[in-house]
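Structure first, commentary second.
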Amino acid sequence: MRNLAIDFQLLHKEKDTGARAGTLHTPHGEIKTPVFMPVGTQATVKSMTPEELKEIGAQIILSNTYHLYLRPGSKLIAEAGGLHKFMNWDRPILTDSGGFQVFSLSALNEITEEGVYFRSHIDGSKKFISPEISMEVQMDLGSDIVMAFDECPPYPADYDYLARSLERTIRWARRCKAAMTNEKQALFGIIQGGIHEDLRLVSVEAMLEIGFPGYAIGGLSVGEPNEEMYEVLEFTVPLLPADKPRYLMGVGTPEDLLEGVMRGIDMFDCVMPTRIARHGAVYTSQGRLTIRNGEYTRDFTALDSDCDCYVCQNYSRAYIRHLFNRKEILGVRLATYHNLYFFQKLMEKAREAIMEDRFLEFRESFYAKYEE
């Protein structure tokens, strides 16, 4: 099947690292990489309107197959004209397969060759997702990029279990490709294998043999030390084709983004910027701070003196702290807006540095100021 959905152009590779810049063309617009995708789990990026996402420069968002499968149901979204129309977002969307949530949100699941039986986290009712159902749901949603349904092993996991899980994921990937019949959607394969190089190699070889227009690296940022994640990337990324986009799933912090970019990753997503914002924490060029703390009671400066976002141009730390301590919704909205802008700007600056062959200098400059 010829893929009509995406076309990836590699524009430049940094001379001293694996960092690279490209353009990913999709039916709903082009994406300049490296890119961070805000997470819109339930067809909404929490507390943000689509218009605000555009203001901060979001090029693509991620939505969740598992949650939309349960509520409101993919058939209803299809009836509305697809996810883009349903949520009033006319830029690209990536949907994950639901696999991670099936394994992480349901303590009671039964993995079979056919698929996974699980209990809904909403009402405890028994549900089932297979590779074919995941593809059907994602075709109903009409996302630009679709993820294969895979098994997401925990960390740590026994080697033999990981090997069996990987073989099942490979078989499921073949079924996903056979079931994905919409040529306007691009199906990405997922590389698994835990922290074991031999299993990662098996996974890469199998996914390349099946053939996908893009490849994701899964099974990381699940509890392993950062050093192990970076080692897996250093081994795995060079095995992937240079002319296809590379997506590191569920990562991460600003540091993880820069380390992933340096190792050749093009796409990232993570709930961190929106999640910590809801708890009163923000990312700044000097590091992460908890705005609810008393030290900011009379701090009338911006969240980040180096940031030119709408929030930093108009509101003080003291005011935003006041909003959080009074449990006003606006506090969450302002913190979320700033955090997502911070991530978008970080990727924009990284891209500029790559194009000018100064990514290492940019990375070192960032770390010189940033304290976690």
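The values are calculated or read from the model by the stated rules, or taken from the named source; none is laboratory data. Being a predicted model, the structure only gives us computed values, none of them experimental. Cβ: placed from backbone, ideal geometry, glycine included. Neighbour counts: every protein chain shown. Each accessible area value is taken on the protein alone, full model and side chains, heavy atoms only, with ligands, DNA and RNA left out. Shrake-Rupley method; radii C 1.70, N 1.55, O 1.52, S 1.80 Å.
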## Note on the structure
Of the residues in the stretch 23-44, those that are assigned to a loop (DSSP other than H, G, I, E, B) and at pLDDT 95 or above come to Pro27, His28, Pro34, Pro38, Gly40, Gln42, Ala43, Thr44
### Query
Within the stretch 221-233, can you find the residues that are open to solvent by 30 Å² or more (accessible area, probe 1.4 Å), within 18 Å of Gly264 (Cα to Cα) and of a type outside the set (D, E, K, R)?
Ser221, Asn226, Tyr230
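Before we move on, is Gly73 within 23 Å of the chain's Cα centre (by Cα), modelled with pLDDT of 95 or more, more than 26 Å from Tyr215 (Cα to Cα) and of a type in the set (Gly, Ala, Ser)?
yes
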### Query
Is it fair to say Glu295 is within 30 Å of Tyr215 (Cα to Cα), open to solvent by 20 Å² or more (accessible area, probe 1.4 Å) and part of a helix (DSSP H, G or I)?
no
### Residue tally, condition modelled with pLDDT under 95 and either open to solvent by 20 Å² or more (accessible area, probe 1.4 Å) or among the polar types (S, T, N, Q) (or both), over the stretch 1-13
4
### Task
Considering each residue of the stretch 314-369, count those that are over 19 Å from Asn293 (Cβ atoms) and hydroxyl-bearing (Ser, Thr, Tyr), and give that number.
4
### Message
What's the total number of residues in the stretch 14-41 that are of a type outside the set (Val, Ile, Thr), under 15 Å from His84 (Cβ atoms) and either open to solvent by 10 Å² or more (accessible area, probe 1.4 Å) or in contact with a Pro (Cβ under 8 Å, 6 or more places away or on another chain) (or both)?
### Response
3
### Message
Out of the strands (runs of 3 or more DSSP E) lying entirely within the stretch 186-285, which hold 1 or more residues that are in contact (Cβ under 8 Å) with a residue 12 or more places away in the chain and under 23 Å from Ser97 (Cβ atoms)?
### Response
186-191, 215-217, 246-248, 267-269
### Message
I'd like the full set of residues that are farther than 21 Å from Lys54 by Cβ, touching an Asp or Glu at 6+ places or on another chain (Cβ under 8 Å) and either in contact (Cβ under 8 Å) with a residue 40 or more places away in the chain or not in a loop (DSSP other than H, G, I, E, B) (or both), limited to the stretch 298-321.
### Response
Arg317, Ala318, Arg321
### Query
What number goes with the only condition from (1) farther than 19 Å from Ile133 by Cβ; (2) open to solvent by less than 60 Å² (accessible area, probe 1.4 Å) that Thr95 does not pass?
(1)
### Message
Here is a list: Gly218, Gly214. Which entry is modelled with pLDDT of 95 or more, in contact with a Ser or Thr (Cβ under 9 Å, 6 or more places away or on another chain) and either more than 30 Å from Gly81 (Cα to Cα) or crowded, with 23+ Cβ neighbours inside 10 Å (or both)?
### Response
Gly218
### Message
I'd like to check something: does the stretch 127-137 contain any residue that is at pLDDT below 95 and either open to solvent by 10 Å² or more (accessible area, probe 1.4 Å) or closer than 20 Å to Ile191 by Cβ (or both)?
### Response
yes
### Task
Run down Val261, Val204 and say which single residue is modelled with pLDDT of 95 or more and either open to solvent by 30 Å² or more (accessible area, probe 1.4 Å) or within 17 Å of the chain's Cα centre (by Cα) (or both).
Val261
### Message
Being polar (S, T, N, Q), surrounded by 23 or more Cβ atoms within 10 Å (Cβ to Cβ), at pLDDT 95 or above and within 19 Å of the chain's Cα centre (by Cα) narrows it down to one residue among Thr236, Thr253; which is it?
### Response
Thr236
### Task
With the condition kept exactly as written, say whether any residue in the stretch 346-353 is more than 15 Å from Glu14 (Cα to Cα) and crowded, with 20+ Cβ neighbours inside 10 Å.
yes
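Out of Ala179, Ala157, report the one residue that is among the small types (Gly, Ala, Ser) and either open to solvent by 50 Å² or more (accessible area, probe 1.4 Å) or closer than 30 Å to Asn226 by Cα (or both).
None of the other options fit; the residue is Ala157.
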### Message
Six or more apart or on different chains, Cβ atoms under 6 Å: show the pairs whose first residue is in the stretch 27-40 and closer than 27 Å to Lys13 by Cβ and whose second is among the small types (Gly, Ala, Ser) and not in a loop (DSSP other than H, G, I, E, B).
### Response
Thr33/Gly22; Pro34/Ala350
